[in-house]
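The values are calculated or read from the model by the stated rules, or taken from the named source; none is laboratory data. Only a predicted model underlies this, so the values are computations on that prediction, with no experimental measurement involved. Neighbour counts are summed over all protein chains in view; Cβ atoms, including those assigned to glycine, are modelled from backbone coordinates with ideal geometry. When the accessible area is computed, the model is the full protein with side chains, heavy atoms only, and any ligands, DNA or RNA have been set aside. Shrake-Rupley method; radii C 1.70, N 1.55, O 1.52, S 1.80 Å.
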Amino acid sequence: MSKPTVVLLHGVGLDHTMWEPTAALLADRFTVITPDLPGHGPRPPVSDGVTLADLADGVVGEIPAGSHLVGFSLGALVAQHVALRRPELVATLTSVSSVCDRTAEERASVLDRLRAAEADFRASAAASLKRWYDGTDVDPDRVTRTQATLLSNDVGSFLNCYRVFATADSELAPDLGAIGVRALAVTGENDPGSTPEMTHRLTAALPDCRAVVVPQARHMLPVERPEAFVDSLTTFIGECAHV
């Protein structure tokens, strides 16, 4: 009997390697696919004006029909778009550390981070690492690898993708109620950007969604607390399989 498929979509400025701790825990029960989004990893840079639809179109070819689709941060917005536009590909939808329908204050904060990255990309990357990992017990080697991935980005391409991350939630918000698959929204209790409040906002917007908030975790939940994340994910998928 073939294993069910889980597809994991990474966040902005990262690549498939962010999923290594999660994939190792899933591999015995699932076929795990970890594509690189357009403009990330070895893929060519994306041009000015790239859209959420472009990012989704660039990855749907790697999502088999009936997959359990999981997206982290920007990847969560891409996954939500795929669930809306290509529902035959998605058995379940899991949004990890996802923003949702930002308030004016939340929008201003992320646009400030975009402007900071435009002004000094390396300083912006350092600030991201601090925001994600300070005060956690993540292995320093893993932090160093995340830093290397961030700094390897084509800066223009990163900024184009970050602009999608900063704005596309408002594009998605009016349509979230049309997502018909069962969904999970999970975030860390101490995530300052993709907050528990946003997770509850997403849960309320989707027709059939549950929220999980992992205590004392930050934004890089799948890296910081992979066991807790995988436990939430596999419990959810297992319950869906037995409905």
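Brief remarks on what is shown
- With all protein chains in place and a 1.4 Å probe, the accessible surface of the range 52-188 carries 50 percent carbon and sulfur.
- Approximate spin-label separation Glu197-Asp28, in nm, with each point projected 7 Å along Cα-to-Cβ: 4.1
- In degrees, nearest ten, helix 140-151 long axis to first principal axis of the chain (Cα): 70
- C-alpha long axis of helix 104-119 to longest principal axis of the chain, angle in °: 50
- Neighbour-limited loop hits for GluC sites (Glu not before Pro), the range 195-243 (at most 15 other Cβ within 10 Å; DSSP other than H, G, I, E, B): none
- Nearest-ten-degree value, helix 196-205 long axis tilted from longest Cα axis of the chain: 50
- Translational diffusion of the range 21-173, µm² s⁻¹ [Kirkwood Rh, Cα pairs; Stokes-Einstein; 10 °C; 1.306 mPa s]: 96
- Take the Cα of Ala173, go 7 Å toward its beta carbon, and the backbone nitrogen atoms of the range 46-64 under 19 Å from that spot belong to 52-53.
- Residue-count net charge about Ala228 - beta-carbon cut-off 14 Å; Lys, Arg +1, Asp, Glu -1: -4
- In the chain, helical runs assigned H by DSSP with n ≥ 4 each contribute -39500 (n - 2.57); averaged across all residues and rounded to the nearest 500, the mean residue ellipticity at 222 nm is -14500 deg cm²/dmol.
- Relative contact order for the range 1-46, counting Cα pairs under 8 Å that sit 6 or more residues apart, in percent: 44
- Take every pair of alpha-carbon atoms less than 8 Å apart whose residues are at least six positions apart; their mean separation over the length of the range 169-237 yields a relative contact order of 33 percent.
- The fraction of Cα-Cα pairs per 5 angstrom bin, counted from 0 for the range 70-160, comes to 3, 11, 16, 20, 21, 16, 10, 4, 0 percent, rounded to whole percents.
- Accessible solvent surface per residue of the chain, calculated while the other protein chains remain in place, 1.4 angstrom probe, Å²: 42
- Most mobile listed residue (Leu25, Leu37, Leu69) in the chain, GNM with C-alpha springs under 10 Å: Leu25
- Residues considered: His219, His40, His16. Largest GNM mean-square fluctuation over the chain, using C-alpha springs under 10 Å, is found at His16.
- Surrounding net charge for Gln216, when Lys and Arg each add one and Asp and Glu each subtract one, Cβ distance under 14 Å: -4
- Overall Cα dimensions of the range 119-243, principal axis frame, Å, largest first: 47, 33, 23
- Of all DSSP bridge pairs formed entirely within the chain, close to 0 percent run antiparallel.
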